[in-house]
């Protein structure tokens, strides 16, 4: 599915809020990673770790404090004219967490979905516009009668489908899904995840999937990044991360997930993470280092040796 | 272990502009002393309505007890006066709500909020109550209790706020604690801490817990017994092992197979098709029939009774009828069943116990 062609390169990205003031927050503190064409990169971490901020900075909802986001080699955060930005916006879309809050209650579904089509002038005629809306609704498993309704007439799962249809309307290449299933029931979650997977196969989409439900993330992602307090602490292929978590924070996060298996639950021992265990010396360089092919951990030179020895 | 709570044939309806919504349509369950009963189901299945009716917290102007009884230590809660109920609510039965952001009063210090039930129910002096509050704050794992006592909810993080809510609920050592999705709004690591705290406290004060959630992982972690709700009814009830390793109802099968397991291969997740039934016009037969690939003709005509599988395990599906054809459960469920049957050799006996 995923190729080795880089679609997105994030280099030393920083996002500080209230910069220079006493209450400065380093929401993203120097992270770098790549996203390959056609893959799904999962991003997990506790609330407040900066995973949503990362998504929003990539799509330029926030202006980055420092660093670069290269989309097909072009810096997203460079000075751009409106026309250039518009072209870029068409390629990158976002699906939001709360399907209740992200749809305008006063707009009909057809207009919500077609807003992007109108802005980018994709429809040749009114008829073409409506046909696009109908086919999008069918793509996401709704039907054309729904086009004339308002958001409040839909259930949570259906609203999230509308959010997905809206993102697809401008034929993007890259979609940032910011906790798209957190607000949904278990059985509906499965429907939405299956839909996202199906769309990826059909349209060759690339996803950045942000979530805190680790079992769903593992299921949908090719690679997973773990964030802790604005830093990326581990990045690895999904299976590798679950089988060989190296960073102690990743281990604590994995050991905290309850699984639907009573026997496993009785024997599960939770690990806690204390940043003090690292005991980095002054001047010791801590950065992302490759423990195994494609498996990166944020660590010092000394820790790298330990991790390598532990790696199975 | 004695029964502390018994719910018999509960029917609750809401009156809306569109008509009567039959939210609860004949719910039966019991809660034993010191056990944790988890109630799972989709939104709209009636989990919260059931527990709110136990607390008598349903809005008076549009809700109605149609039939049934809720026996708390043998006394029927539905027939009590508001005054009698006030002696039980917060003292004998207390509740933890889902959202710790909205269930605390932002204009009152945390200490004062925890003190309220103590002053009201236990008639402690202010000085004694304060001492007890600081004890409680320490019990639920809030450091620097003396300082925290004087602080306001906005000075607490989400996990800490939920601990405060738990402290309020536990203030009077309740006999029953109802937890309505207490960890849904929290992170996994914080969730793990809160669950450990609740289990720990349960051991210390021997409270019975009704735990409402839709996260099956959490259920496997906390529950002794599980009740699965669908369309205003309990469709399957059993011990946690029976529900997870030997589920019988197709809806339970659907729930279990729609969750990816961490060792899952790259196959499509099972998604229960369709949407929950409209309880304004509840279906005639089995409420799940329309979404059930195993549905038979009788499912559309007659509601299934509870069939007994073991002394602790019951399910309401016609598939358990002696004349029903043998069906193959989904692969994910079969994997689980294999594990169950290796452990116990008892063959399920099928008999009708209750006609619903």
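All of the numbers you see were taken from the coordinates with simple rules; none came from a lab. Values in this document were obtained by computation on a predicted structure and should not be read as measured data. Note that each Cβ is placed from the backbone with ideal geometry, even for glycine, and that neighbours are counted across all protein chains shown.
Cβ crowding within 10 Å, taken as a proxy for footprinting-reagent exposure, orders B:253, B:318 from fewest neighbours to most as B:318, B:253.
Shielding by partners for peptide B:268-275, expressed as the average number of C-beta atoms from other protein chains within 10 Å of each residue's C-beta, is 6.
Take B:24-33, A:102-111 and order them by the average number of nearby Cβ atoms within 10 Å per residue, most first; the result is B:24-33, A:102-111.
Each peptide among A:69-76, A:207-214 gets the average number of other Cβ atoms lying within 10 Å of its residues, and from highest to lowest they stand as A:207-214, A:69-76. Ranked for footprinting exposure by Cβ neighbours inside 10 Å, fewest first, A:150, A:219, A:62, B:314 give A:150, A:62, A:219, B:314. Full extension of the chain segment joining residue A:100 with residue A:130 gains 8.4 nm, where the gain is 0.36 nm per residue of separation less the Cα-Cα distance. Across region B:211-341, how large is the tail of the calculated P(r) beyond 20 Å, expressed as a percent of all Cα pairs? Percentage above 20 Å: 44. If you take the Cα centroid of region B:242-318 and the Cα centroid of region B:84-107, the two points sit 33 Å apart. Remark: relative contact order (chain A) = 20 percent; criterion is Cα-Cα distance under 8 angstrom and separation of 6 or more residues.
Beta-bridge orientation, the protein assembly as shown: approximately 65 percent antiparallel, per DSSP, counting only bridges with both partners inside. Taken over the C-alpha atoms, region B:24-158 has Rg and Dmax values of 17.5, 49 angstrom. Here, chain A is characterised by an Rg to Rh ratio of 0.99, where Rg is the alpha-carbon radius of gyration and Rh the Kirkwood radius.
Mean partner shielding of peptide A:43-49, defined as the number of other chain Cβ atoms within 10 Å of each residue Cβ, is 3.
Computed packing ranks the peptides A:227-233, B:119-125 as A:227-233, B:119-125, most packed first, by mean other Cβ atoms within 10 Å.
Could you tell me the calculated FRET efficiency between residue A:149 and residue A:75, based on Cβ-Cβ distance and R0 = 45 angstrom, to the nearest 0.05?
After rounding, the FRET efficiency stands at 0.65.
Put a dot 7 Å past the Cα of residue A:119, heading toward its Cβ, do the same for residue B:3, and the two dots end up 6.0 nm apart.
Compute the Cα gyration tensor for region A:246-311, then decide on rounded, prolate or oblate, letting a ≥ b ≥ c be the square roots of its eigenvalues: rounded whenever a/c is under 1.5, prolate when a/b is larger than b/c in the other cases, and oblate in all that remain. It comes out prolate by the Cα gyration axes. Answer rounded, prolate or oblate for region A:90-227, using the Cα gyration tensor with square roots of eigenvalues a ≥ b ≥ c: rounded when a/c is under 1.5, else prolate when a/b is larger than b/c, else oblate. Because a/c hits 1.5 or more and a/b exceeds b/c, region A:90-227 counts as prolate.
Placing a pseudo-label 7 Å from each Cα along the Cα-to-Cβ vector at residue A:32 and residue A:278 gives an inter-label distance of 1.6 nm. Mind jotting down the distance between the C-alpha centroids of region A:1-65 and region A:284-311, whole Å? Rounded to whole Å, the Cα centres lie 21 Å apart. Extension gain for the segment residue B:184 to residue B:18, taken as residue separation times 0.36 nm less the Cα-Cα distance, is 56.7 nm to one decimal. Sorted largest first, the spans of the alpha carbon positions of region A:93-135 along the three principal axes are 32, 20, 17 Å. Every Cα-Cα pair in the protein assembly as shown was counted, and those over 46 Å apart are 23% of them. With a Förster radius of 35 Å applied to the C-beta separation of residue B:92 and residue B:284, the computed FRET efficiency comes to 0.35.
So the label point goes 7 Å from the Cα of residue B:173 along Cα→C-beta, right? Which residues of region B:26-42 then have their backbone N under 15 Å from it? Within reach of a label on residue B:173: B:34. Applying 1/(1 + (r/R0)^6) with R0 = 41 Å to the Cβ-Cβ distance of residue A:108 and residue B:66 gives a FRET efficiency near 0.60. Over chain B, the fraction of Cα-Cα pairs per 20 Å bin, rounded to whole percents and listed from the shortest bin up, is 28, 55, 16, 0. Partner shielding of A:203-215 amounts to 1, given as the average count of beta-carbon atoms from other chains within 10 Å of each residue beta-carbon. Region B:199-232 and region A:189-254 have their alpha-carbon centroids 28 Å apart. Compute the helix-to-body angle for B:188-205: its Cα long axis versus the longest principal axis of chain B, expressed 0 to 90° and rounded to tens. Helix B:188-205 and the main axis of chain B meet at about 80 degrees. Between residue A:5 and residue A:23, the simple spin-label model (points 7 angstrom out along Cα→Cβ) gives 4.6 nm. According to the Kirkwood relation over distinct C-alpha pairs, the hydrodynamic radius of region B:134-195 is 12.2 Å.
Which shape class applies to region A:1-145: rounded if a/c is under 1.5, otherwise prolate when a/b exceeds b/c and oblate if not, where a ≥ b ≥ c are the square roots of the Cα gyration tensor eigenvalues?
Note, shape of region A:1-145 comes out prolate.
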